[in-house]
Structures are given as structure tokens and as C-alpha cells.
Amino acid sequence: MRFAILVAACGLVLGAPVVAPTSLMNEAVAQSAQAALIAELQAAANDPTRVRAIVARETARGNAAGVAAAVRTVVASLSTTNLQQAAQVTTAAVLEIAATDTTSATTLAQDAATTIAGTGDSSTAALVLADAATAVAANDTSSAATLVSQAVTVAQTADTGTQQRVGQTASAVATTAQAQGDNTAAATVSSTVASTGGQTANSFVQSGGTAGTVITTSPTTTTVTTTTTTTTTTTTTDTTTPTDDTTVPVVDAPVVVIPPIPPAEPVIPVVPEPNPNQFGSIV
């Protein structure tokens, strides 16, 4: 009995196929899909429209978290080779995500700006934050105020052009917040700008401060169109009277020749000759 059990055990160990657990297989498939998504975003880094289309597609599939993680990976990779493309990918993704989820868009922009700033490029990092603030301002003034305030802080060591642009964005965000009744957000932006001074503060004032331009346009999501080809079979009923193409030979009727009736022979009356003997002699 024990021997039989040992033999059976050896058979299972030596002869049974090795089957990976379902969880491991699913994880492998997910990792492969994520790697393909990262490669696709990397290839589209210089085309913001294409990046938005990819993000829209993945979001529609319910993979918003996956595409955001892929964007972070791509930004980290590009930050060592091409900071401008890293910024383009971030801004395009934030614009698409902000239309439906300002919190995720804000977090993505902050993470990307931190990565870019880590390379020493404060100008690009500040602009990423400023662009993200503009993207979310119409729907979320609180997040917009946080983003632009961070942009103001980072821009302190940026070039003059970046400081001026950040100041303009700060004015627009503060104005939008105040117009929507979010005085706290407007005050936060104004306070941050005032504490930094420089070109950013000058640009903020010249743009109208909290009485500048209101951001009213919300990001528009990219439409994902799925084309379905449908073959329609149409049956047409012909209601016209069918035409018989059979040629019917026309047979001429026989011609019957009726001979003319000969005219009747004239009847010549016979007049009897007079009989002299009957009447006597004539003297």
C-alpha cells in the first residue's frame, strides 16, 4: 500500500504538467499590456494630439490608472533625454484627464513637474504646473490655485519669459476663482505671488491681478470612435408586370379565293310563230 502511494506520488511529481496559477498568468498579461502602452506613448511623445487619443482610449476602457502610470514612466524616461517632449506628454495627458477627473490630473502634473525639476530645469517644470492649472481651473478652482501657486514658487529660479507667463496664469486662475465665489483660492494665489515678487508679480499685476481674465473653457475630451461595418441586404420586390420575351411567330391566315359568280344567262322569251291554219287564211 505504501509502495503504491509512493509510486503515485512520483508519477505526479515527474509526469504531471506544470501549470502556472491563473493569478500569475494574469499578471504577466497585464505587465505585457502596460509595456506596450508605455512604448506607444513614447513613440507619440512629439505628437500631443496622438497622446490625448491614447489617453482617451485607455480611459474609455476603464484603464485610467494604468495610462496615468504609463505617462509617469514615459516622463521619467524622457526627462533624461528630451525635457520638452516630457512636458508635452504631461500636458496632453493632463488636458485629457482633467475633463473627467481633476484630482488625477492634478496629481499627474505635480508628479511630472517634480521629476522634471529634479533635472534642474525649473522653467519647464513651472510651465507644466501652470498649464495644468489652466486645464483644471474651470471645474476645480481649488486644485488650480494649488497648481499655479506651486508654479509661482518653482518659477523663482526660472527664466524671465517663464516668470511672466506664470504670472499671467496666476492672474487668470485667481480671477476665475473669485468669479466662482472661491475667495480662499483667489487669496492663496495672490498671497503666493506677493511673497515671491519679481517678474511673476509684475506680470500678475499687469494681467489684472484678481480682476483679470476668467478661464471659462473646460478641457474637451477626445472622442473615441469605434467604426462598425454593417452589411445590409435589401430585397426589392418588383411589382411591375413581367414581360414575356418569347417571340410568338405570326402565321398568316390562308387566303381563300372565292371565284366570282358568273352572271345569269339572259332568258330569251320564245314567241311562238303564228299558225296560219288556226286563224284561217288571210286574203
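The values are calculated or read from the model by the stated rules, or taken from the named source; none is laboratory data. Only a predicted model underlies this, so the values are computations on that prediction, with no experimental measurement involved. Every residue, glycine as well, gets a Cβ built from its backbone with ideal geometry; the counts of neighbours run over all protein chains shown. We work out accessible area using only protein heavy atoms, side chains counted, and drop any ligands, DNA or RNA first. Shrake-Rupley method; radii C 1.70, N 1.55, O 1.52, S 1.80 Å.
Tabulated data for the structure shown
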{"quantity": "Which listed residue is under 34 Å from the mean Cα position of the chain (by Cα) and either modelled with pLDDT of 50 or more or open to solvent by 90 Å² or more (accessible area, probe 1.4 Å) (or both), from T239, T247, T213, T184", "calculated": "T213"}
{"quantity": "Residue in segment 151-159 that is hydroxyl-bearing (S, T, Y), under 22 Å from T221 (Cβ atoms) and over 28 Å from the mean Cα position of the chain (by Cα) present", "calculated": "no"}
{"quantity": "Given (1) modelled with pLDDT of 95 or more; (2) open to solvent by 20 Å² or more (accessible area, probe 1.4 Å); (3) not acidic (D, E), index of the condition G197 fails", "calculated": "(1)"}
{"quantity": "Residues within segment 43-85 that are in contact with a helix residue (DSSP H, G or I) (Cβ under 6 Å, 6 or more places away or on another chain) and in contact (Cβ under 8 Å) with a residue 60 or more places away in the chain, tallied", "calculated": "3"}
{"quantity": "Filter result (open to solvent by 10 Å² or more (accessible area, probe 1.4 Å) and either among the small types (G, A, S) or at positive phi (or both)) within segment 82-100", "calculated": "A87, A99"}
{"quantity": "Segment 103-126: number of residues that are more than 17 Å from L37 (Cβ to Cβ) and crowded, with 24+ Cβ neighbours inside 10 Å", "calculated": "7"}
{"quantity": "Listing of helices (runs of 4 or more DSSP H) fully contained in segment 123-226 that carry 3 or more residues being over 19 Å from T107 (Cα atoms) and of a type in the set (V, I, T)", "calculated": "160-179, 183-196"}
